[in-house]
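Peer 1: Sharing a structure here in structure tokens format.
The values are calculated or read from the model by the stated rules, or taken from the named source; none is laboratory data. Fair warning: this is a prediction, and the values are worked out from it, not measured in the lab. Note that we place each Cβ from the backbone using ideal geometry, even for glycine, and neighbour counts take in every protein chain shown.
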Amino acid sequence: MTLIMFINASLIILISLVMISVSSILSKKSFIDREKSSPFECGFDPKSSPRLPFSLQFFLIAMIFLIFDVEIALLIPLISILNVSKMFWFWSIASFFICILLLGLYHEWNQGALEWAS
């Protein structure tokens, strides 16, 4: 029985490797077109570089927003377990989670990541 399973697994791995190698060979492009590799700007040549630097402060604020957005999504199921859990455990878990959020916010504030103008 184990010999048949080993043969099946080997066959599946072999077929997967063949498919990966065939797709890798067939997907190679043989030439590079200048127009296709340049950024599209209404059919005209670009006026400036497409790689413009952005503000690191904006990036930090965006990351903080995403983190708090995900954490809010983690807080929503706490409302649904309110009916089935004991109040002590519900409030202890919720307050622990909110304390972690507030400590993270205080750390970001203390580090100066929330200051836009520097």
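Peer 1: Determine which single condition residue 31 fails, assuming it passes every other condition in (1) modelled with pLDDT of 85 or more; (2) part of a loop (DSSP other than H, G, I, E, B).
Peer 2: Here residue 31 meets the rest and fails (1).
Peer 1: List the pairs whose first member sits in the range 56-82 and is over 15 Å from residue 113 (Cα atoms), whose second member is modelled with pLDDT of 80 or more and surrounded by 10 or more Cβ atoms within 10 Å (Cβ to Cβ), and whose Cβ atoms are under 6 Å apart, counting only residues at least 6 apart or on separate chains?
Peer 2: 71/101; 78/94; 82/90
Peer 1: Quick check on my filter: what residues within the range 104-114 are modelled with pLDDT of 85 or more and under 23 Å from the mean Cα position of the chain (by Cα)?
Peer 2: 107
Peer 1: Select from the range 55-88 the residues that are over 24 Å from residue 107 (Cβ atoms) and not in a helix (DSSP H, G or I) and write down the one among them that is modelled with the highest pLDDT.
Peer 2: 86
Peer 1: Here is a further query. Confirm whether residue 104 is in contact with a Ser or Thr (Cβ under 8 Å, 6 or more places away or on another chain) and within 20 Å of residue 64 (Cα to Cα). So that I can check it myself, show each step before the final result.
Peer 2: On the way: in contact with a Ser or Thr (Cβ under 8 Å, 6 or more places away or on another chain): no; within 20 Å of residue 64 (Cα to Cα): yes.
Judged against the criteria, residue 104 is not a match.
Peer 1: If you don't mind, another one. Please go through the range 72-95 and give me each residue that is more than 24 Å from residue 62 (Cα to Cα), hydrophobic (A, V, I, L, M, F, W, C) and surrounded by 10 or more Cβ atoms within 10 Å (Cβ to Cβ), ordered by number.
Peer 2: Those that are more than 24 Å from residue 62 (Cα to Cα), hydrophobic (A, V, I, L, M, F, W, C) and surrounded by 10 or more Cβ atoms within 10 Å (Cβ to Cβ): 78, 79, 81, 82, 89, 90, 91, 93, 94.
Peer 1: Within the set of pairs 6+ apart or on separate chains, which have a first residue in the range 103-116 that is closer than 18 Å to residue 56 by Cβ, a second that is of a type in the set (Asp, Glu) and assigned to a helix (DSSP H, G or I), and C-beta atoms under 9 Å apart?
Peer 2: 114/108
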